[in-house]
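Engineer: To start, I am sharing the structure in question, which I have written as structure tokens.
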Amino acid sequence: MQRRAAIRNIGGIISLFNRHSNVRLCLSGHIHLWDKVVYNKLTYICGGAVSGAWWEGNKRETAPGYGLIDLYADGTFEENYINY
């Protein structure tokens, strides 16, 4: 079985972010896992899944839930994953 990348042009996206140093956070979804990566001073967060009940429990150690992101005027942020 061949796997497809969630983002096919990741090199282009990284290049775009590198040209704009004011970008601090990139949010995504789809893989139903809470995942956080810091790469080149930019934080990438994939935000879990509120539809997690259909798989009846945790998916690869991620409980059903959602991300809560607080954004501040100075460009900082706080993130939490809320299980339900």
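Engineer: What do you reckon, is ASN18 assigned to a loop (DSSP other than H, G, I, E, B), modelled with pLDDT of 85 or more and out of contact with any Phe, Trp or Tyr (no Cβ under 7 Å at 6 or more places or on another chain)?
Structural biologist: Considered against the rule, which asks whether it is assigned to a loop (DSSP other than H, G, I, E, B), modelled with pLDDT of 85 or more and out of contact with any Phe, Trp or Tyr (no Cβ under 7 Å at 6 or more places or on another chain), ASN18 comes out as no.
Engineer: Looking at the range 21-34 only, could you name the residues that are more than 12 Å from ALA49 (Cβ to Cβ) and either over 14 Å from the mean Cα position of the chain (by Cα) or part of a loop (DSSP other than H, G, I, E, B) (or both)?
Structural biologist: SER21, ASN22, VAL23, ARG24
Engineer: Quickly run through the range 65-84 and pick out the residues that are surrounded by 10 or more Cβ atoms within 10 Å (Cβ to Cβ) and either of a type in the set (Ser, Thr, Tyr) or at pLDDT below 80 (or both).
Structural biologist: Selection gives TYR66, THR76, TYR81.
The values are calculated or read from the model by the stated rules, or taken from the named source; none is laboratory data. Every value quoted in this text rests on a predicted model; they were computed, and no experiment measured them. Using ideal geometry, Cβ is built from the backbone for each residue, glycine included, and neighbour counts are taken over all protein chains shown.
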